[in-house]
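The values are calculated or read from the model by the stated rules, or taken from the named source; none is laboratory data. What you are looking at is a predicted structure, and each value in this text was computed from that prediction instead of being measured. FYI the Cβ positions are ideal-geometry reconstructions off the backbone, even for glycines, and counts take in every protein chain you see.
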Amino acid sequence: MKRRILILAGTLLLAAVALWLSLGGSAKNSRLNGSEVAKSLDRFSSLCLSVGDLDRAEVFSQSAASIRMSQDRNRYPDPGLQANYMNLVEICCMKGEYDRAERFLAKAGTLSFNRLLPEVTQSSGAKYDPSEAVYFNAKRMIVLRRFADAERELKRLLAAESYLYGDNFEVRSGLRLYVELFYAMSKPLEAKKVQALVDSKATLSAQDLAPYVAAKPNPDDFFYHPILKSLAGHGLEQDDLPGSVYRSLNGCVYPISLYRSKLSTYFRKAELDALARFCVAAKGKSKRDIEELAGKPELRLGQVGLWSFSKPGEENWIYRLGYLEQAANLTFVDDRCIASRVLTLDEDLDFQHWRAEQIVSWSRGKTVPEILKEFGSSGLYAYSKGSALLPASEPVLETLGYSTGSSTSASLTIKHGVCTESSLGIIAY
């Protein structure tokens, strides 16, 4: 009942929008905020999709696109416009209208220069590891020959990093700075002693580190996962995760650019814990309940030939949750999730490569509608020649691609609507 009331409200909003557009409505001549109205229509479209009302979902998404097109075309295009077109691609694929899907895909492809990552999850948590500032301050103190200050900062640094991460690269990096300090202080024997710890193949114990660590770590040097609120380097600390957390993890992007290895050091344990809990929560649920819990899956597939445990008649969904995009596989029979598991890193990489190879080998010589019918719209991206901002324009699709995960993609060259070349792309971290 609640869904129907919301959809009715959306229909009334749609009527108001139609009147507004017919009067030449825009952000300049109306108190109505076009961007906010478009976002509301996006939400109504998603709601209709969740209940299988594809026709109404398309109307809402088309209206949102019309509003965004009506805004001043001289400014930078609204990033939501490409999302509208990709949403229309998905809806047309679900309807089996692949020719129409191709036209919307071509329009989306003209905006790919403005392609944005999924919306950044806002958080009050620290974005940088605070201990990095301590590290560089200690290094500066050595250069200034303020050795007592340098040693105090190093002890603070190692206290925090050994508490957060145990013995890892971060800790040994701090010890290397200790070696530099002792040589600057003309203490070669002490420097060689610490260098031996740096070079040791064994795990360094608390006793090994004791001479170089402050008595207690400074809480100011800690930082936390912006969504899970878990201490960096540690596992999940919440007893229970609400669905809003899973939805926030689905498609999240870290607020600043960091090497993947850094993100793994900081958050891998907590995100794996959260993914395991998601798998437990999903098992036995219906498809609709799972989408309400965590949003849309990255992929919906039938039997996966790569997996010995995958059987005919089953449907497989792939979710990637968290900044590291670690994967979970949910298996369905009819509408019910009968099995769920976290994929190991090797299993995930093998799956990404397998799917990309399937797309690359099958697509050569096929038309775009045939490719969309075979592989759907999940992970899809495109590049086109022309403009989607001119109503009479008919953009020409030049490249069609599928991202099959964080490390692999399939790229298809399109000429006159047919795939003429295809290649596998691998991203090394």
Answer from Ala148, Ala106, Ala83, Ala126 - the residue that is of a type in the set (A, V, I, L, M), surrounded by fewer than 20 Cβ atoms within 10 Å (Cβ to Cβ) and either at pLDDT 95 or above or part of a helix (DSSP H, G or I) (or both): Ala148
Selection from segment 299-332 of residues that are over 17 Å from the mean Cα position of the chain (by Cα), of a type in the set (A, V, I, L, M, F, W, C) and modelled with pLDDT under 95: Leu301, Val304, Leu306, Trp307, Phe309
Segment 232-272: number of residues that are under 13 Å from Leu324 (Cα atoms), at pLDDT 85 or above and among the hydrophobic types (A, V, I, L, M, F, W, C): 6
Only one of Arg176, Arg172 that is assigned to a helix (DSSP H, G or I), under 31 Å from the mean Cα position of the chain (by Cα) and surrounded by fewer than 20 Cβ atoms within 10 Å (Cβ to Cβ): Arg172
Criterion violated by Glu237 - all others in (1) touching a residue at least 40 places away in the same chain (Cβ under 8 Å); (2) surrounded by fewer than 20 Cβ atoms within 10 Å (Cβ to Cβ); (3) not β-branched (Val, Ile, Thr) satisfied: (1)
Qualifying residue in segment 371-378 (condition: crowded, with 22+ Cβ neighbours inside 10 Å and either modelled with pLDDT under 90 or in the same structural domain as Leu249 (by TED's automatic domain parsing) (or both)): no
Options Ser45, Ser131; residue that is at pLDDT 85 or above, of a type in the set (Gly, Ala, Ser) and part of a helix (DSSP H, G or I): Ser45
Hits in segment 386-409 - residues which are in contact with an Asp or Glu (Cβ under 8 Å, 6 or more places away or on another chain) and at pLDDT 85 or above: Leu397
Complete set of residues in segment 203-243 that are among the hydrophobic types (A, V, I, L, M, F, W, C) and touching a strand residue (DSSP E or B) at 6+ places or on another chain (Cβ under 7 Å): Phe222, Leu231, Ala232
Meets criteria (more than 19 Å from His234 (Cβ to Cβ) and of a type in the set (Phe, Trp, Tyr)) for Tyr163: no
Members of segment 219-234 found to be in contact (Cβ under 8 Å) with a residue 24 or more places away in the chain and part of a helix (DSSP H, G or I), listed by number: Asp220, Asp221
Selected residue (criterion: farthest from Phe182 (Cα to Cα)) from residues of segment 128-148 that are within 41 Å of the chain's Cα centre (by Cα) and among the hydrophobic types (A, V, I, L, M, F, W, C): Ala133
